[in-house]
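Asks: Structure provided below as structure tokens; questions to follow.
The values are calculated or read from the model by the stated rules, or taken from the named source; none is laboratory data. Being a predicted model, the structure only gives us computed values, none of them experimental. Reconstructed Cβ throughout: ideal geometry from the backbone, glycine too, with neighbour counts over all protein chains shown.
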Amino acid sequence: MSETLKLTVDRRDDLAVIYTEGYINNQGGEEIAREAFKLIDDGEKTLLLNLSGTKIVNSIGISILIEIIEKMLDIEGRLAFCSLTPTIEKTFHIMGLTQYASIFPDEESAVGELK
């Protein structure tokens, strides 16, 4: 699968939302990490990944998401995910991501809780 990941970022008062569209593999994960680390370097401490446009995340993509979680823990920030497919949500639970990052059913509920 060679689908390219597209990212869009919406910076708000105390929150940055990264929208993904496409497959989160090694390349897609690296793109998300680059954007997340740039936002962190710019002072963002709360990141929300809206995965409504993503249907598949592979193991390498998950390992890169874990790197972002580790960075957020280092800066005492928060990372959350929203709008996951049931399969991705189940995978994140199995892999333990939900111990360190919250999952919300939609962006509205995530933003309400994170602000």
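Residue-by-condition table, conditions (1) farther than 20 Å from Ser83 by Cα; (2) surrounded by 17 or more Cβ atoms within 10 Å (Cβ to Cβ); (3) hydroxyl-bearing (Ser, Thr, Tyr):
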| site | (1), (2), (3) |
| --- | --- |
| Thr4 | no, no, yes |
| Arg11 | no, no, no |
| Val17 | no, yes, no |
| Ile24 | no, yes, no |
| Glu30 | yes, no, no |
| Ala33 | no, no, no |
| Ala36 | no, yes, no |
| Asp42 | yes, no, no |
| Thr46 | no, yes, yes |
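Asks: Then there is this: Please give the number of the condition Ser83 fails out of (1) of a type in the set (Ser, Thr, Tyr); (2) within 11 Å of the chain's Cα centre (by Cα); (3) farther than 18 Å from Ser102 by Cα.
Replies: In the conditions (1) of a type in the set (Ser, Thr, Tyr); (2) within 11 Å of the chain's Cα centre (by Cα); (3) farther than 18 Å from Ser102 by Cα, Ser83 misses (3) alone.
Asks: Another question, then. Pairs, please: C-beta under 8 Å, at least 6 apart or cross-chain, first residue without any contact (Cβ under 8 Å) to a residue 12 or more places away in the chain and at negative phi and in the stretch 57-73, second charged (D, E, K, R) and part of a helix (DSSP H, G or I)?
Replies: none
Asks: Would you point out which residue out of Arg11, Arg34 is touching a residue at least 24 places away in the same chain (Cβ under 8 Å), among the charged types (D, E, K, R) and more than 19 Å from Pro105 (Cα to Cα)?
Replies: From the options Arg11, Arg34, the qualifying one is Arg11.
Asks: Residue under question is Thr98, and the condition is that it be without any contact (Cβ under 8 Å) to a residue 40 or more places away in the chain, touching a helix residue (DSSP H, G or I) at 6+ places or on another chain (Cβ under 7 Å), loosely packed, with under 15 Cβ neighbours inside 10 Å and not aliphatic (A, V, I, L, M); does it hold?
Replies: yes
Asks: Only one of (1) aliphatic (A, V, I, L, M); (2) in contact with a helix residue (DSSP H, G or I) (Cβ under 8 Å, 6 or more places away or on another chain); (3) at pLDDT below 95 is not met by Ile62, so which one is it?
Replies: The number of the failed condition is (3).
Asks: Please find, within the stretch 48-68, the residue that is surrounded by the fewest Cβ atoms within 10 Å (Cβ to Cβ) out of those that are of a type outside the set (Ser, Thr, Tyr) and part of a strand (DSSP E or B). Quick ask: steps written out before the conclusion?
Replies: Looking only at the stretch 48-68, we keep the residues that are of a type outside the set (Ser, Thr, Tyr), and these are 48-51, 53, 55-58, 60-62, 64-68.
So of that shortlist, the ones also part of a strand (DSSP E or B) come out as 48-51, 53, 57.
On the way: Leu48: 25, Leu49: 25, Asn50: 23, Leu51: 22, Gly53: 14, Val57: 24.
Top of the filtered list is Gly53.
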